[in-house]
Amino acid sequence: MDYTERLRRLAINAERLGETSAEGVGTGGASVLDAKALALARIAALVAMGGAEPSFGSLADAAVSAGATAVEMVDVLTGIIDIVGVPRAVVAAPQLAMALGYNLDEGSDRGAVDGGWRT
């Protein structure tokens, strides 16, 4: 299914378009996004909508599983500030930090391991 058909189905709220396959990609057709790009996009969307801390944890884990680094996730956060605004990014920063195993209040990396993804 091409992108115009996917957009048309989204516009009419077609069933199954938003469902997720085992690969984490919507079943509305083959995605050109790889799993890492999609995971980073989902983190950006979570920041934009003001998601809860547990959601940051699960999406950060999914991004790491797809090959994303902590640096890339923070780059996403800083890269969308012009779109979502500084206040939204300020709220999201400690949530993302906790998802990455870093407590901003303590200033320590509580979960990192040598050579781990959190560095």
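The values are calculated or read from the model by the stated rules, or taken from the named source; none is laboratory data. In this text, all values refer to a predicted model and were calculated from it rather than measured experimentally. FYI the Cβ positions are ideal-geometry reconstructions off the backbone, even for glycines, and counts take in every protein chain you see.
Being surrounded by fewer than 17 Cβ atoms within 10 Å (Cβ to Cβ) and either out of contact with any Lys or Arg (no Cβ under 7 Å at 6 or more places or on another chain) or modelled with pLDDT under 95 (or both): is that true of Ala30 here?
On the way: surrounded by fewer than 17 Cβ atoms within 10 Å (Cβ to Cβ): yes; either out of contact with any Lys or Arg (no Cβ under 7 Å at 6 or more places or on another chain) or modelled with pLDDT under 95 (or both): yes.
For Ala30, the condition - surrounded by fewer than 17 Cβ atoms within 10 Å (Cβ to Cβ) and either out of contact with any Lys or Arg (no Cβ under 7 Å at 6 or more places or on another chain) or modelled with pLDDT under 95 (or both) - is met.
Please name all residue pairs, on different chains or six or more residues apart, with Cβ atoms under 9 Å, provided the first residue is in the stretch 1-15 and is among the β-branched types (Val, Ile, Thr) and the second residue is surrounded by 13 or more Cβ atoms within 10 Å (Cβ to Cβ).
Filtered contacts from the stretch 1-15: no entries.
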